[in-house]
1. Does residue 11 satisfy the criteria of being open to solvent by 40 Å² or more (accessible area, probe 1.4 Å), at pLDDT below 95 and out of contact with any strand residue (DSSP E or B) (no Cβ under 8 Å at 6 or more places or on another chain)?
2. What number of residues in the range 125-153 are over 24 Å from residue 175 (Cβ atoms) and buried (at least 18 other Cβ atoms within 10 Å of the Cβ)?
3. Which one of 121, 177, 114, 194 is more than 17 Å from residue 89 (Cβ to Cβ) and crowded, with 17+ Cβ neighbours inside 10 Å?
4. Pick out the one residue from 100, 112, 87 that is touching an Asp or Glu at 6+ places or on another chain (Cβ under 8 Å) and touching a residue at least 12 places away in the same chain (Cβ under 8 Å).
Amino acid sequence: LPNYVAHEGTLTPPDVPVHVEDFELHIDVAACAAPGYAPDYDIYFDWEANDGGFVSGGENSSWAWGVITSGPGAAHSGTKGIATNPSGTYNNNEKSWMVSPAMDLTAYGSNSAIIEFWQYIYTESATYTWDQVTVQVTKDGGTTWLPVFGPTQRQDTGWSKVTLVLDPSYNVADFQIRFYFKSDYSGVRDGWYIDDL
């Protein structure tokens with residue numbers, strides 16, 4: 001079945017007439033479409049069919065939606081995601097972002113909304129702050145943005161999961177999340193890749 005991890009083993013028939021052996025099935029839950037295994041999220045972006053309403057902006061932006069072939073070499077699930085450049089390096093002198101459409105979180109009341117996504121980051125340096133990534137959120141339609149992850153610079157070797165717990169004051173009708181990227185005037189790398197938000 002699609003998204004089930006293959007398991008192979010050798011079964012040696014015993015001398016007794018009936019033998020039972022259990023095999024554990026491992027599933028890529030984020031990608032599996034088998035009944036009962038779809039991700040249980042109120043809002044979900046896998047970016048396979050389209051850009052999900054995310055829009056790039058800022059200065060010298062390299063942000064785009066598409067098939068991920070650079071950086072980690074493939075999307076976390078499926079083939080597509082959003083990235084500073086899904087098929088190459090980011091630009092010098094960026095102060096850019098990819099911002100979500102407005103989402104209505106008012107139904108959560110006094111409960112905390114949780115944002116989860118997978119990312120791969122490869123900036124010019126893992127130590128120096130020349131190029132950095134920041135996750136920002138807004139509860140006033142984009143007038144003000146609060147950082148909830150970063151700023152940070154890294155050189156990842158694979159996808160990693162990020163979980164952010166928001167204060168209930170963000171349960172507004174026009175909540176947005178923004179992936180903000182900045183680079184300096186020299187030295188570009190693969191950049192920032194986001195999938196399965």
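The values are calculated or read from the model by the stated rules, or taken from the named source; none is laboratory data. It should be emphasised that the depicted structure is a prediction, and the values quoted were computed from it without experimental measurement. Note that each Cβ is placed from the backbone with ideal geometry, even for glycine, and that neighbours are counted across all protein chains shown. With ligands, DNA and RNA removed, areas are computed over all heavy atoms of the protein, side chains included. Shrake-Rupley method; radii C 1.70, N 1.55, O 1.52, S 1.80 Å.
1. yes
2. Here the count works out to 2.
3. 177 is the lone residue from the list that is more than 17 Å from residue 89 (Cβ to Cβ) and crowded, with 17+ Cβ neighbours inside 10 Å.
4. Going through 100, 112, 87 in turn, the sole match is 112.
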